[in-house]
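The values are calculated or read from the model by the stated rules, or taken from the named source; none is laboratory data. Keep in mind it's a predicted model, so treat the numbers as computed, not measured. Counting neighbours? That spans all protein chains shown, and the Cβs are built from the backbone with ideal geometry, glycine included.
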């Protein structure tokens, strides 16, 4: 029998909204990083973004600029502040993966949908408006004063919803940012959307789907 949660919570960027950091990096740094080494440059940028969110909360623009600066330092290439700002300014313009609107609409009629995102408050609403389904609540790292994967972010969501871990189904395309922390908090019902953002690890006890179109089947709709 399918699990029917009280709430389905989602990571937004990467899972629902198409994440374009890599695409932007290829364009911005084409003049400084050789094409054959660009994949590693993008991987390093991703690693520094992850590292930047592990401490005390700071504005997301600082997360991005620090990550760009550290990546440039490692590679010995010029850091340009207005280029780093371009990443932050672009985020609200990104739309969803093609499978998202229809997939969300199928489940939104029956189960309240929630977002827990590492975005700032001034970014997220424009992205959510493009997802094609209503959301019961949208929570940000700015509100929680903590970024995922910190447990404080998830605790903020649970407290705000007056919910327990067993009430939730959490959906993400990232183990490192979301599903590992959800597991640590006792959220047993998890869905891994296999979008190629990192390797899976079945030991964390999730259901894997190829895209959001598979979500309805997980909850028996």
Revision key, fill the gap. Residue hits (the range 111-126; buried (at least 18 other Cβ atoms within 10 Å of the Cβ) and in contact with a helix residue (DSSP H, G or I) (Cβ under 6 Å, 6 or more places away or on another chain)) are 116, 117, 118, 120, 123
Review point. Taking residue 131, is it modelled with pLDDT of 95 or more and not in a loop (DSSP other than H, G, I, E, B)?
Key: no
Point to revise | Subset of the range 62-84 [exposed (fewer than 15 other Cβ atoms within 10 Å of the Cβ), over 22 Å from the mean Cα position of the chain (by Cα) and in a helix (DSSP H, G or I)] | key: 73, 74, 81, 82
Study note, to complete from the structure: Exactly one of 39, 31 is free of Cβ contacts under 8 Å to residues at least 24 places away in the same chain and in a loop (DSSP other than H, G, I, E, B), and that residue is 31
Review point. Within the range 136-151, which residues are over 20 Å from residue 204 (Cβ atoms) and either touching a strand residue (DSSP E or B) at 6+ places or on another chain (Cβ under 6 Å) or part of a helix (DSSP H, G or I) (or both)?
Key: 136, 137, 138, 139, 140, 141, 142, 143, 144
Review point. Looking at residue 59, is it in contact with a strand residue (DSSP E or B) (Cβ under 6 Å, 6 or more places away or on another chain) and either closer than 30 Å to residue 165 by Cα or crowded, with 19+ Cβ neighbours inside 10 Å (or both)?
Key: no
Point to revise | Only one of 133, 102, 108, 35 that is assigned by TED's automatic domain parsing to the domain that holds residue 13, surrounded by fewer than 16 Cβ atoms within 10 Å (Cβ to Cβ) and more than 26 Å from residue 150 (Cα to Cα) | key: 102
